[in-house]
Amino acid sequence: MKVYDLQWFTTFGMGYDQAAEALVADGIDTVLTQNRIDPLPASGVDQRDYLARFGDRLATFEDGRWVDALTRHGLRVLQTTATLFDPPALERFPDARPIDATGQPDPGIDWYVGICPTHEGYAAEKVAKLRRVATELHPDGMFLQFIRDPGFWENWTWSPDYVFTNTDRFCFCDRCRSRFAADTGVGLPAGEAASQAAFVLANHAEAWTDWRCGLIAALVRRIRTAVNEARPGTGIMLNTLPFPASDFDDQNVRRVVAAQDLAALAPHAERFELMTYLQILHRPVSWLGTAIADARERLPADREVLCTLQIDALYTVGIHRLRQRPPAVTADDVTAAATAALQAGADGLVFYHWTDVLRDDAHGGRKRAAIRAITHG
């Protein structure tokens, strides 16, 4: 279960042990949570309203007591980090803002803007925070979100025929171009970012993709090494895009656009979450089999593949309104997706997220009953 906000503690007034007991009753065995050492930045599902209303109670929350309660009740704890997503960090590291293949800085979309994966100052700060998390909070594992090249994948689902352009391709900052040339031996012609990007994509696209995938894998390896030095045996779970290679006219966008090469990442992580948010993706339940089979093909047999299921609808208003996503996720939707994912060979399920479960419980609890039927059945 993803437990990213503290509404269980504030809005619903639950104590540490009460919350842990409720998660156990829901049949949950692992909690993906965040902490105040390396807090998750605001996102499209951020719960901003309660920060003002419950400031006094939030001030009393203690990460250590929460982790202790979860552990006492037999739950595994994975601390979550937004690896290459941190808008406030761009104020400290303005040159970490990615540059697209047109030579323009990433303006971001909605709540999202990425981080350049070659920025050493940012990477060193992130690794130091995670080492501290491992040292002080003793997690069973780390869950690395946003471990990819920049891209608002939620926008790619405008239609199955989404056309990728140079504004979707990153990062072509001076640092990335220079390092690519040095690491690969590819000579770049004189020119600015846009002209050199055009040269690379036209003449060395595969080398560029391989190099970028290597950067992401190296960052995972670096994090794994650091947290295991602090707490030996700390596992790594990765947050990966769900798109099989056959999506978007066989473009393999997970690897080519997002620089997530599952085979290259496999030596550094035990568990791989596929973000199979069917309502956001606007895909049928039958698509899960294709997504899972594709991931299985690229990973060793001893690596776990988990599918995330939505509890409630997202991205239906504002700039997302025209995408005409389903306006709701029902209990029957949760059951159907869970059944399909497990029958297709997923090793487990991730539910997103617990606040939606608690809200539904206050209105009859059909989704919570569906979750319990799945986990206990």
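The values are calculated or read from the model by the stated rules, or taken from the named source; none is laboratory data. Keep in mind the model is a prediction, meaning the values are calculated, not measured. All Cβ positions, even for glycine, are placed from backbone atoms using ideal geometry, and neighbour counts span all protein chains on display.
Looking at PRO41 and the list (1) in a strand (DSSP E or B); (2) at pLDDT below 95, which single condition is not satisfied?
Looking at each condition in turn, PRO41 falls short on (1).
Restricting to the range 193-218, name every residue that is surrounded by 15 or more Cβ atoms within 10 Å (Cβ to Cβ) and among the aliphatic types (A, V, I, L, M).
ALA193, ALA194, ALA197, ALA198, VAL200, LEU201, ALA207, LEU215, ILE216, ALA217
Being touching a strand residue (DSSP E or B) at 6+ places or on another chain (Cβ under 8 Å) and farther than 13 Å from LEU274 by Cβ narrows it down to one residue among VAL305, VAL329; which is it? Before the answer, list the steps.
Values: VAL305 fails: farther than 13 Å from LEU274 by Cβ.
The unique qualifying residue is VAL329.
Just one of (1) farther than 19 Å from MET1 by Cβ; (2) in a helix (DSSP H, G or I) trips up PRO327, so point out which.
For PRO327, the failing item is (2).
Within the range 249-270, does at least one residue satisfy the condition of being more than 28 Å from ASP100 (Cα to Cα) and buried (at least 20 other Cβ atoms within 10 Å of the Cβ)?
Checking the range 249-270: at least one residue is more than 28 Å from ASP100 (Cα to Cα) and buried (at least 20 other Cβ atoms within 10 Å of the Cβ).
Looking only at helices (runs of 4 or more DSSP H) that lie completely in the range 213-300, which have at least 2 residues being over 23 Å from LEU32 (Cβ atoms) and at pLDDT below 95? It would help to see each step written out before you state the result.
On the way: elements: 247-250, 253-256, 262-265, 278-281, 287-298.
Once the helices (runs of 4 or more DSSP H) in the range 213-300 are filtered for at least 2 residues that are over 23 Å from LEU32 (Cβ atoms) and at pLDDT below 95, what remains is 247-250.
Can you tell me which residue is nearest to the chain's Cα centre (by Cα) among those in the range 83-118 that are closer than 25 Å to MET237 by Cβ and surrounded by fewer than 23 Cβ atoms within 10 Å (Cβ to Cβ)? Spell out how you get there, then give the answer.
Taking the range 83-118 as the starting set, the residues that turn out to be closer than 25 Å to MET237 by Cβ are 83-89, 96, 98, 111-118.
Going one step further and asking which of them are surrounded by fewer than 23 Cβ atoms within 10 Å (Cβ to Cβ), we end up with 85, 87-89, 111-113, 118.
Details: PHE85: 10, PRO87: 15, PRO88: 18, ALA89: 18, TRP111: 14, TYR112: 12, VAL113: 14, THR118: 19 Å.
Ranking the candidates gives PHE85 first.
Out of all the residues in the range 3-12, is one or more closer than 27 Å to ASN155 by Cα, modelled with pLDDT of 95 or more and touching a Gly at 6+ places or on another chain (Cβ under 9 Å)?
Taking the range 3-12 first, the residues closer than 27 Å to ASN155 by Cα are 3-5.
If we keep only those that are modelled with pLDDT of 95 or more too, we end up with 3.
Of the ones still in play, those that are also touching a Gly at 6+ places or on another chain (Cβ under 9 Å) are none.
Looking for residues that are closer than 27 Å to ASN155 by Cα, modelled with pLDDT of 95 or more and touching a Gly at 6+ places or on another chain (Cβ under 9 Å), one finds none in the range 3-12, hence no.
When you scan the range 286-322, how many residues do you find that are within 12 Å of ALA340 (Cα to Cα), surrounded by 11 or more Cβ atoms within 10 Å (Cβ to Cβ) and not β-branched (Val, Ile, Thr)?
Residues in the range 286-322 being within 12 Å of ALA340 (Cα to Cα), surrounded by 11 or more Cβ atoms within 10 Å (Cβ to Cβ) and not β-branched (Val, Ile, Thr): 6 in total.
For the range 275-296, check the following and say yes or no: at least one residue is small (Gly, Ala, Ser) and free of Cβ contacts under 8 Å to residues at least 40 places away in the same chain. It would help to see each step written out before you state the result.
Looking only at the range 275-296, we keep the residues that are small (Gly, Ala, Ser), and these are 286, 289, 291, 293, 295.
Filter once more, so that each one left must be free of Cβ contacts under 8 Å to residues at least 40 places away in the same chain: none.
Checking the range 275-296: not a single residue is small (Gly, Ala, Ser) and free of Cβ contacts under 8 Å to residues at least 40 places away in the same chain.
Quick one: would you say CYS173 is of a type in the set (A, V, I, L, M, F, W, C), touching an Asp or Glu at 6+ places or on another chain (Cβ under 9 Å) and farther than 26 Å from ARG271 by Cα?
Numbers: of a type in the set (A, V, I, L, M, F, W, C): yes; touching an Asp or Glu at 6+ places or on another chain (Cβ under 9 Å): yes; farther than 26 Å from ARG271 by Cα: yes.
Here the answer is yes, as CYS173 does meet what is asked.
Which condition breaks for LEU78 when tested against (1) at pLDDT 95 or above; (2) within 30 Å of PHE199 (Cα to Cα)?
Of everything listed in (1) at pLDDT 95 or above; (2) within 30 Å of PHE199 (Cα to Cα), LEU78 misses just condition (2).
Restricting the range 150-182 to residues that are touching a helix residue (DSSP H, G or I) at 6+ places or on another chain (Cβ under 6 Å) and modelled with pLDDT of 95 or more, which is surrounded by the most Cβ atoms within 10 Å (Cβ to Cβ)?
PHE172
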